[in-house]
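Taking it in order: structure first as structure tokens, then the write-up.
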Amino acid sequence: MISPAKPTQDNPPSPPRSILLVDDDEMSLFVNRVVVRRTFPDATVSQLLSAGDALEQLLDPGKTLPDLLIMDVNMPVMDAWDFMEALSGAERDLSGMKLYFLTAEVQPSDQARIEKYDLQDAMRVKPLSEAMLAEMVH
């Protein structure tokens, strides 16, 4: 998983400055944005409707990486697995960004994919909650 080092007592986690939400469903984006705003009111929140657009943004060295990216697993054209495959060959250092995927349920067929990309700790079952967001940044 793309993630910085775990915080310690000497290095407590700080709230994310920027969060990118990616989902092809505008209602889900709206709900997730409300949850994010309640949890991290000072964070800049961006949203995209496709994994392809997110990939393009992340790989652009001229763009600043978000501190936290939260993406729906199942999307048309490019799903989370296609996204991870494309991201795995990236030359840009993405280690400063935390990445989480949201899914309605983890399918048994996804288990091998989860292990391939070391996403055991990055998969969350919807809906996004304030407690889940707080856990993501710790």
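The values are calculated or read from the model by the stated rules, or taken from the named source; none is laboratory data. Note that this is a predicted model, so its numbers are computed, not measured. Heads up, the Cβs are rebuilt from the backbone with ideal geometry, glycines too, and the neighbour counts pull from every protein chain shown.
Show me the helices (runs of 4 or more DSSP H) entirely contained within the stretch 47-138 in which 3 or more residues are at pLDDT 90 or above and more than 16 Å from ASN32 (Cβ to Cβ). By residue number, 51-59, 80-88. Residue by residue through the stretch 89-130, note down the ones that are of a type in the set (A, V, I, L, M, F, W, C), closer than 17 Å to MET71 by Cα and loosely packed, with under 12 Cβ neighbours inside 10 Å. Selection gives ALA104, VAL125. Of the set (1) more than 18 Å from PRO16 (Cα to Cα); (2) in contact (Cβ under 8 Å) with a residue 40 or more places away in the chain, all apply to GLU85 but (2).
Table: residues versus (1) under 12 Å from the mean Cα position of the chain (by Cα); (2) under 18 Å from VAL125 (Cβ atoms).
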{"site": "GLU26", "(1), (2)": "no, no"}
{"site": "ASP42", "(1), (2)": "no, no"}
{"site": "GLN47", "(1), (2)": "yes, no"}
{"site": "SER50", "(1), (2)": "no, no"}
{"site": "ASP60", "(1), (2)": "no, no"}
{"site": "ILE70", "(1), (2)": "yes, yes"}
{"site": "PRO76", "(1), (2)": "no, no"}
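Within the stretch 67-81, does at least one residue satisfy the condition of being over 26 Å from GLU130 (Cβ atoms) and in contact (Cβ under 8 Å) with a residue 40 or more places away in the chain? Yes: one or more hits. The residue of the stretch 4-27 that is modelled with the lowest pLDDT, among those that are buried (at least 17 other Cβ atoms within 10 Å of the Cβ) and assigned to a loop (DSSP other than H, G, I, E, B), is PRO16.
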